[in-house]
Amino acid sequence: MRHAALVITMLALLASPCASRAGQPGRNFCLVEVLYSEMLTAAPPFYHKVKARLLISPVDRPAYETTAVRVIPWQAPPPRQGQRRWMTCEQASAQYDFHLF
């Protein structure tokens, strides 16, 4: 019983710094904001083709704009103007693995 209490205490102490950093962006995080989006034609059945203009703001570099065109399922909500999300800069800059919407 004493060992279990010791293990739980150690886990709580180790998890608290990680939990406090979870809400704060680090140096390799970017804020991605949707400037505008539009639905395009020629999407496959049961999908929407969406084009969005994005402002990517890295923590340690100047912000830049980019355009992303994605095919999303018809059940998923399209990106809205003003929508923001923190993600790693590698995800934000990768054309093949960008999942804001």
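In region 71-80, is there at least one residue being among the hydrophobic types (A, V, I, L, M, F, W, C), under 16 Å from the mean Cα position of the chain (by Cα) and under 14 Å from N28 (Cα atoms)?
no
If Y96 passes every condition in (1) aromatic (F, W, Y); (2) on the phi > 0 side of the Ramachandran plot; (3) modelled with pLDDT under 90 but one, which one does it miss?
Going through (1) aromatic (F, W, Y); (2) on the phi > 0 side of the Ramachandran plot; (3) modelled with pLDDT under 90 one by one, Y96 breaks only (2).
If you take the residues of region 1-60 that are within 18 Å of C89 (Cα to Cα), at pLDDT below 85 and of a type in the set (G, A, S), which of them is surrounded by the most Cβ atoms within 10 Å (Cβ to Cβ)?
G26
Considering region 47-72 alone, what residues qualify as being farther than 13 Å from L35 by Cβ and either in contact (Cβ under 8 Å) with a residue 60 or more places away in the chain or among the aromatic types (F, W, Y) (or both)? So that I can check it myself, show each step before the final result.
Going residue by residue through region 47-72, those that are farther than 13 Å from L35 by Cβ are 47-50, 58-62, 69-72.
Hit for region 47-72 is Y47, nothing else.
For region 60-89, which residues satisfy the criterion of being among the small types (G, A, S) and either touching a helix residue (DSSP H, G or I) at 6+ places or on another chain (Cβ under 8 Å) or not in a strand (DSSP E or B) (or both)? Don't jump to the end; show me each part of the working.
So in region 60-89, the residues among the small types (G, A, S) come out as 63, 68, 76, 82.
Scanning region 60-89 gives A63, A76, G82.
Within region 46-59, does at least one residue satisfy the condition of being more than 24 Å from N28 (Cα to Cα), assigned to a loop (DSSP other than H, G, I, E, B) and touching a Phe, Trp or Tyr at 6+ places or on another chain (Cβ under 7 Å)?
Scanning region 46-59, I find at least one residue that is more than 24 Å from N28 (Cα to Cα), assigned to a loop (DSSP other than H, G, I, E, B) and touching a Phe, Trp or Tyr at 6+ places or on another chain (Cβ under 7 Å), so the answer is yes.
Would you pick out the residues in region 80-93 that are modelled with pLDDT of 90 or more and surrounded by 12 or more Cβ atoms within 10 Å (Cβ to Cβ)? Lay out the reasoning, then the answer.
The initial filter retains those residues of region 80-93 that are modelled with pLDDT of 90 or more, namely 80-86.
Of everything in region 80-93, those that are modelled with pLDDT of 90 or more and surrounded by 12 or more Cβ atoms within 10 Å (Cβ to Cβ) turn out to be Q83, R85, W86.
The values are calculated or read from the model by the stated rules, or taken from the named source; none is laboratory data. What you see is a predicted model, and the numbers here were worked out from it, not measured in a lab. In this analysis, Cβ positions are derived from the backbone assuming ideal geometry, glycine residues included, and neighbour counts consider all displayed protein chains.
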